[in-house]
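The values are calculated or read from the model by the stated rules, or taken from the named source; none is laboratory data. Please read these numbers as outputs of a predicted model, since none were measured by experiment. FYI the Cβ positions are ideal-geometry reconstructions off the backbone, even for glycines, and counts take in every protein chain you see.
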Amino acid sequence: MTNPQHHEIVVIGAGICGSTIANELLLRGKSVCIVDAASSAATACSSHAYAIAHPHIGKGSPRLLRLTRIAFLLAESRWGEAWNKHGIFQPTKKEKHFDQAEVANYLKSLGLDEDLAIALDAQEAEKICGIKQSGVWLSRGASLNIFEASNALLKEHEHLTCLWSSRVAKLEHAQGQWLLMNQTNEVILSADKVVVATAIDTKPLMSSIGIRLPLKPVRGQLSIFSIKKDDPWAQKLPRVGISGDGYCLPAQQLEDGSYRWMVGSSFDEGEDDLGSRDSSDTFNREQAQGLLAYSEGDPAALIKAGDFVGVRCVAGDRLPIIGALSQRPGIFLATALGSRGILWSALAAKLITAQVLDDDFALLVRLGFAADLVAALAPARFFAGALAAPAALASNSKPIFPSAPKAK
Ligand SMILES: Cc1cc2nc3c(=O)[nH]c(=O)nc-3n(C[C@H](O)[C@H](O)[C@H](O)COP(=O)(O)OP(=O)(O)OC[C@H]3O[C@@H](n4cnc5c(N)ncnc54)[C@H](O)[C@@H]3O)c2cc1C
């Protein structure tokens with residue numbers, strides 16, 4: 001290619017993350033070019049059709065709790081029609097004693113109003129959600145078909161250019177602009193600003209410009225089970241989503257009376273193999289028993305009817321990496337969404353757009369972002385000396401692995 005197109009803003013990666021960011025930039029009146037190695041949007045981890053979303057309410061990192069609350073509200077308002085609000089119940093962990101007043105106070109301390117999260121004892125939970133276990137009812141919890149949502153975000157728009165089947169193998173900075181090059185060193189595109197939303201592939205792309213990121217793959221398999229209408233499981237199947245050790249969607253009854261039920265997911269650290277595994281289905285059957293507190297249920301009655309296998313990308317500290325790469329002006333990262341693709345992509349769209357367009361920080365504060373939250377997500381957190389010198393150059397970019405508590 002002798003005359004590569006130049007764009008002010010290019011987004012690399014058309015999964016839910018890149019698509020949401022591109023869409024937000026369009027909403028802000030910008031022209032955007034999105035480029036992906038695949039021949040269409042959402043072919044990798046974002047081909048997921050059965051993902052759930054709710055604010056995190058477990059004990060743990062206070063920043064994670066604050067961030068998921070903001071992200072949930074952003075996600076809820078973003079996906080409108082596609083947002084499948086069926087509610088999500090989070091049962092009390094088996095080993096924990098349930099004190100309703102204590103849990104209610106705790107939820108209040110997280111800034112979660114009763115319309116977002118409410119503590120229920122087993123009787124109330126049975127009445128409201130059909131599940132006879134104590135826990136927290138997240139009535140606005142929902143599921144989203146990430147594949148459809150990503151594709152809807154990239155529908156034709158006069159200011160949107162989609163470049164498919166184009167793998168960016170490396171980046172190079174020359175004459176004040178970023179060059180996006182393929183494997184044979186041809187320049188595919190050039191841009192003033194580049195948003196990199198390529199999940200685990202962000203690692204090799206960043207190493208092409210001397211930045212090392214602590215990213216790793218975590219394989220996951222979700223199982224689609226079929227249950228006969230007269231099987232004892234049929235009486236136990238939930239009409240809401242459940243999130244605990246694993247998660248499930250509300251069961252759907254089909255025309256022939258049988259049920260279809262999605263239960264996930266395995267969590268295979270460091271693995272990136274996309275093949276389906278019987279062992280992952282076995283694991284999901286055990287999770288199904290746990291989620292419904294139905295250990296006597298026959299796992300064999302959960303008949304495999306399909307699955308989804310994907311590779312999540314996670315960072316060393318389990319928080320997403322979202323923000324300007326201050327060591328390389330003009331590069332913005334949105335990766336490591338882990339198991340919270342819905343929440344973090346909604347949050348990334350606002351945060352990255354604000355940074356790309358150089359918004360006033362007051363705008364972000366209005367969305368609930370405080371400086372410490374922005375810093376917690378920034379790529380700079382992995383580089384020694386970054387706090388003292390935010391614009392530090394490569395010589396300073398030794399990766400460090402923070403020892404912060406791990407998110408789920
Ligand atoms: C089993 C399982 C269950 C999950 N459950 C949930 C859930 O319940 N709720 C939830 O919110 N999330 C869930 N997730 C996570 C969610 O699916 C992911 O976080 C999300 O899809 C990641 O989106 P992404 O856009 O960052 O990455 P991807 O969807 O992987 O997109 C990256 C894109 O970049 C492109 N690309 C890569 N390298 C290049 C390159 N060099 N040049 C050009 N293009 C490139 C790829 O082709 C791809 O289209 C789950 C994941 C798994 C595996």
field: strands (runs of 3 or more DSSP E) fully within the stretch 24-124 counting 2 or more residues that are closer than 22 Å to Tyr247 by Cα
entry: 51-53, 88-91, 118-120
- prompt: Quick check: is even one residue across the stretch 195-213 more than 30 Å from Tyr50 (Cα to Cα), within 10 Å of the ligand (Cβ to nearest atom), assigned by TED's automatic domain parsing to the domain that holds Ala41 and of a type in the set (A, V, I, L, M, F, W, C)?
  reply: no
query: Are there any pairs, at least 6 apart or on different chains, whose C-beta atoms fall under 7 Å, with the first in the stretch 92-106 and surrounded by 11 or more Cβ atoms within 10 Å (Cβ to Cβ) and the second among the hydroxyl-bearing types (Ser, Thr, Tyr), and if so, which?
result: Thr92/Ser134; Phe98/Thr92; Phe98/Ser134
message: Which residue is surrounded by the fewest Cβ atoms within 10 Å (Cβ to Cβ), if the candidates are limited to the stretch 1-23 and must be outside any helix (DSSP H, G or I) and within 9 Å of the ligand (Cβ to nearest atom)?
response: Ile12
query: Can you tell me which residues in the stretch 118-131 are in contact with a Ser or Thr (Cβ under 8 Å, 6 or more places away or on another chain) and closer than 11 Å to Phe89 by Cβ?
result: Ile118, Leu120, Ala125
message: Residue under question is Ser226, and the condition is that it be hydroxyl-bearing (Ser, Thr, Tyr), in a strand (DSSP E or B) and either at pLDDT below 95 or within 13 Å of the ligand (Cβ to nearest atom) (or both); does it hold?
response: no
statement: For the stretch 243-259, the count of residues that are touching a Gly at 6+ places or on another chain (Cβ under 9 Å) and modelled with pLDDT of 95 or more equals 6
- prompt: Looking at Arg285, Arg239, which one is over 24 Å from Ser47 (Cα atoms) and either of a type in the set (A, V, I, L, M) or more than 14 Å from the ligand (Cβ to nearest atom) (or both)?
  reply: Arg239
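Just one of Ser226, Ser243 is in contact (Cβ under 8 Å) with a residue 24 or more places away in the chain, under 19 Å from Ala53 (Cβ atoms) and among the hydroxyl-bearing types (Ser, Thr, Tyr); which is it?
Ser243
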